[in-house]
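Just below is one structure, and these are the notes that go with it.
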Amino acid sequence: MIIHLIRHTTPDIKAGICYGQSDLALADSFEQEADAVLSKLLDRYDAVYTSPLQRCALLAAKLDSANLMNDDRLIEYNFGDWELMPWDDFKSEASQNWMNNFIDQAAPNGDSMLSMQARVTEFWTDLVKSKYQRVAIVTHSGVQRLIHGHVLDTPMTHLFRLQLAFGAILEVNSDIKSGLLTIKHL
């Protein structure tokens, strides 16, 4: 099974703003960025999964597949009360406590990384049991990092060492005979 994990293109938001599950429009450069992403992908997929947020769904709609599916488990981290706040405003005691323990502690009215990991891992487990051979997943950097970490058994404290630009593509190749999974950055 070949799986392409694709990060959405550039959202239309000022740099330095926390925007996890906010449904943002895309930058004016979307068509050019989409063309660059598409040039690295397969011509057709057995299935395309996407986060329901428009910054993913618009790119997913450009991929060729008879099976285009929204899946809420692919949505980005929920920053709760901190959505659309500047990162520079995260100076309260609560936000500092969260930054020091983001794995276990949820953002106010949002996710913890553990809760996000549970839904992403559930999606991944279902996917690798499927009959599909060529799959594209258009999602967010947080989801890409969690799948990458799951496949390579990387501690969650190391997930942010993987830098993923807008439009980044990770290819996961699953060899059913050997049981080996390989990952490469396209």
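The values are calculated or read from the model by the stated rules, or taken from the named source; none is laboratory data. The model shown is predicted, which means the values in this text are computed figures rather than measured ones. For neighbour counting, all protein chains shown are included, and Cβ atoms are generated from backbone atoms with ideal geometry for every residue, glycine included.
When region 61-80 is examined, which residues are found to be in contact with a Pro (Cβ under 6 Å, 6 or more places away or on another chain) and within 11 Å of Ser22 (Cα to Cα)? Correct list: Gly80 only.
Annotation for region 144-162: at least one member residue is touching a Leu at 6+ places or on another chain (Cβ under 7 Å), modelled with pLDDT of 90 or more and small (Gly, Ala, Ser).
For residues that are assigned to a helix (DSSP H, G or I) and surrounded by fewer than 18 Cβ atoms within 10 Å (Cβ to Cβ), tally how many sit in region 117-149.
Count: 7.
Using the structure shown, decide if Asn109 is touching a helix residue (DSSP H, G or I) at 6+ places or on another chain (Cβ under 7 Å) and loosely packed, with under 15 Cβ neighbours inside 10 Å. For Asn109, the condition - touching a helix residue (DSSP H, G or I) at 6+ places or on another chain (Cβ under 7 Å) and loosely packed, with under 15 Cβ neighbours inside 10 Å - is met.
If you go through region 14-30 one residue at a time, how many are without any contact (Cβ under 8 Å) to a residue 40 or more places away in the chain and crowded, with 16+ Cβ neighbours inside 10 Å?
Of all residues in region 14-30, those without any contact (Cβ under 8 Å) to a residue 40 or more places away in the chain come to 14-15, 23-30.
Applying the additional criterion that residues be crowded, with 16+ Cβ neighbours inside 10 Å yields 24, 26, 30.
The number of residues fulfilling the criteria is 3.
Of all the criteria given as (1) over 15 Å from the mean Cα position of the chain (by Cα); (2) closer than 21 Å to Gly149 by Cα, the one not satisfied by Lys14 is (2).
Out of the residues in region 31-60 meeting the condition of being under 21 Å from Gly20 (Cα atoms) and out of contact with any helix residue (DSSP H, G or I) (no Cβ under 8 Å at 6 or more places or on another chain), tell me which one is surrounded by the most Cβ atoms within 10 Å (Cβ to Cβ). Taking the candidates together, the pick is Arg55. Tell me, please, whether a residue that is under 24 Å from Asp126 (Cα atoms) and either surrounded by fewer than 16 Cβ atoms within 10 Å (Cβ to Cβ) or among the basic types (Lys, Arg) (or both) can be found in region 83-90. The answer is no, given that none of the residues of region 83-90 is under 24 Å from Asp126 (Cα atoms) and either surrounded by fewer than 16 Cβ atoms within 10 Å (Cβ to Cβ) or among the basic types (Lys, Arg) (or both). Checking the stated criteria, Phe79 turns out to be in contact with a Cys (Cβ under 6 Å, 6 or more places away or on another chain), buried (at least 16 other Cβ atoms within 10 Å of the Cβ) and closer than 30 Å to Gln32 by Cβ.
Among the residues making up region 63-76, those that are surrounded by 15 or more Cβ atoms within 10 Å (Cβ to Cβ) and either among the charged types (D, E, K, R) or more than 17 Å from Ile3 (Cα to Cα) (or both) are Asp71, Arg73, Ile75, Glu76.
Contact map, region 152-175: first residue in contact (Cβ under 8 Å) with a residue 12 or more places away in the chain and under 14 Å from Leu41 (Cβ atoms), second residue surrounded by 12 or more Cβ atoms within 10 Å (Cβ to Cβ) and among the basic types (Lys, Arg), Cβ cut-off under 8 Å, separation 6 or more or different chains; pairs are Gly167/Arg7; Ala168/Arg7; Ile169/Arg7; Ile169/Lys40.
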